[in-house]
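Working notes, structure below.
What follows is calculated from the coordinates using simple rules that are stated; it is not laboratory data. Remember, predicted model here, so these are calculated numbers, not experimental data. Note: ideal-geometry Cβ built from the backbone for every residue, glycine included; neighbour counts use all protein chains shown.
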Amino acid sequence: MALVWIDGKEIVVEKNETLLQAALREGIYIPYYCYHPSLSIVGQCRMCLVKIEGMPKLMTACNTYVPELPKEKKIDGKYDMKVYTRTEEVKEARRGILEFLLLNHPLDCPICDQAGECQLQIYSYEYGNARSDFRFEKLHFPKRVELGEHIVYDAERCIKCTRCIRFCNEITKTQELTLIDRGANTYVDTFEGKKLNNPYSVCTVDICPVGALTFKEFRFKERVWFLQGSNSVCPECSRNCAIRVDTYKGEIMRIVPRFNPEVNNYFMCDFGRLLSERIKNKELRNSPAIKENGAFKVKSEKEFYTTLLSKITRKYNSNEVSVILSGRMTNEEIEAYKVFSLIVFGEVVGEFLYVTGDEDKILIKKEKRANYFGAKTLKMKFTKENEDVTHLIKNKKLVVIIRENVFKGKKEEDIKKNAPSLETVVTFDTFFTETAQLSDFYVPLAGWFEMEGTVINFNGQLQKISKCITPPKGRKPFYDVVSTVLTILKDMDTSDFKSEKTKEIESIKKVLEEFKNREVMNKGFYPWFKEVKNAIPEIKNLSLKDLTSFGIFLKESGNG
């Protein structure tokens, strides 16, 4: 390891670490455009120029490695390199580079989507001139070019850093982009016959340091400085990509990847990102409802749960019941379901619907629900892979479905034909889906971005999701539903269940007695998080403060 002196600060530089990487790691500010931690180093933008003692000219920090010198050749007897990043010579050079970059750049910050998070703006403020000395017509390039289904390109803003090209060459290996023409006329374009439609295309927008590449679905929607960002996890596969959800006035405006070296690095797939678009037009209901004479009637919370519990509690044998659970449930919801099941059925019944699909070698995993491995860690059962729901409800009298649209594309007469003995269907879900419409009881749940919780990915990484937007009062996480049920049951006369078995009544009372003094009688994430900690010995002493933005790795849950 080499010892470097940078602006008076001593820094140990690791082997194969560049000067820029070492400086950034130690919080020393050196501007750059073309460098990205996940991409190859090209030294192309020249913005990271620094002065190195003994060198005849300024050097680019991004591709300068530090050799470990013999003792007799060390500077001042101890340093392998001395670096100056703030001298007038360095500042003047950066001003010159910036002037060239801005020479033909349009002055359109007021209408640019990148405004507010643009490196060109930031560096212009620090190194740029207050006015331009350019006296000629700027060069003009193609604008509003649709490079792909989700990407719009403005060649006049492009600074030719080639990050987008390297991303497509090195990360996705799909090679759609290249530089065309020469000199001052160069700009980015797709190869003939190709479109930028790979599964990670919008990542090029994330890594573009200026406003040349924009995300069509977010384009002109809102200024970034008005957005409220919340850390969460993508629910669309078992990778659990770390994400930031940007909202404005209670509406999700965009989803962007959040750096997590243990999970998704700097990227995420387009499918997960576009979840914000897919949920926009889905029907929502804000109150629990019971189907009466073919139509749903909204009931008060107490009346609804009293009716529901009286109808299904201990009325069926386990072979007459099918409970379909979802990997979209958080660990806290799973633990809450166990309590619900103990009360209603006398044992923990139910299977998680195991839905799989395509995967790749970058990020996308075949398990298409976020928390399968949380369910596995909590010792839950699973259906067969992509099992048809008709097999799950055949000859059943009661079907309970939580966070899955199992009747999508199915008609009511087909369901009745397959399950002629079916008496009651209860659905708990965020959206008023086809399954909800065919149910007898419907309970609206808070959505993934409307609640707190923890999840475990395919490799055993435990992460926390945050409440990004606040749902209406009637939509709650499933763990709050169970807290409500416990509270109502506590005040309910257990004879209302009309069970012929005294043993069953005593069993219900025993479960209630166990939980009546527990914190879960109160609604909220934290009491149920404690239940999760009790269920997973490895995190028994875990504090929420220990769940940093990266989460923690659980060895027992890892599946490689």
Shape call for the range 60-188 from the C-alpha gyration tensor, a ≥ b ≥ c root eigenvalues: rounded (a/c under 1.5), prolate (a/b greater than b/c) or oblate?
oblate
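Note down the net charge around Lys516, summing +1 for each Lys or Arg and -1 for each Asp or Glu among other residues with Cβ under 14 Å from its Cβ.
Working: positive: Lys490, Lys509, Lys510, Arg518; negative: Asp491, Glu513, Glu514, Glu519.
Residues close to Lys516 contribute a combined charge of 0.
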List the relative contact order of the range 24-181 as a percent without decimals, with contacts defined as Cα pairs under 8 Å and 6+ residues apart.
20
Reachable lysines, given that their alpha-carbon falls under 17 Å from the alpha-carbon of Lys195 and they are not under 8 places away in the same chain:
Lys143, Lys173, Lys216
Cα long-axis angle, helix 331-345 against the chain (0 to 90 degrees, to the nearest 10)
10
Helix 525-535 versus the longest principal axis of the chain: what angle, 0 to 90°, nearest 10, using Cα atoms?
80
Mind ranking 77-83, 411-417 by how tightly packed they are, going by the mean number of other C-beta atoms within 10 angstrom, highest first?
77-83, 411-417
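Please report the net charge: other residues with Cβ closer than 10 Å to the Cβ of Asp80, K and R +1, D and E -1.
+3
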Could you list Met1, Met47, Met329 in order of exposure, starting from the residue whose Cβ has the fewest other Cβ atoms within 10 Å?
Met1, Met47, Met329
In nm, give the distance between the simple-model label positions of Ile122 and Thr87, each being 7 Å from the Cα along the Cα-to-Cβ direction.
2.6
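Averaging sequence separations of C-alpha pairs under 8 Å and six or more residues apart, then dividing by the length of the chain, give the relative contact order as a whole percent. It would help to have the intermediate numbers written out before the result.
Working: 1038 pairs, mean separation 60.4, N = 560.
Rounded, it is 11 percent for the chain.
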Against the longest alpha carbon principal axis of the chain, how many degrees, from 0 to 90 and to the nearest 10, is the axis of helix 88-102 turned?
70
Label assignment, mean projected area of the Cα convex hull in nm² derived from the structure, set [x] 31.5; [y] 30.0; [z] 32.9
[x]
Taking the Cβ of Arg254 as the centre, find all other residues whose Cβ is under 11 Å away and add up their charges (Lys, Arg: +1; Asp, Glu: -1).
-3
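Counting only DSSP beta bridges with both residues in the chain, tell me the antiparallel percent, nearest 5.
So the antiparallel bridges amount to about 70 percent of the total.
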Per DSSP H run of at least 4 residues, take -39500 (n - 2.57); add these up for the chain, divide by its residues and hand me the 222 nm value, nearest 500 deg cm²/dmol.
-6500 deg cm²/dmol
Sequence-distant residues sharing a close amide H with Ile151 (under 5 Å, placed H)
Lys216
Need the list of lysines near Lys9 for cross-linking: C-alpha distance under 28 angstrom, and skip anything on the same chain fewer than eight residues off.
Lys51, Lys57, Lys71, Lys73, Lys74, Lys78, Lys82, Lys91
Which residue, chosen from Ile41, Val4, Gly27, occupies the Cα position most advanced towards the positive end of the dipole of the range 2-97, where the dipole is computed from +1 (Lys, Arg) and -1 (Asp, Glu) charges on Cβ about the Cα centre?
Ile41
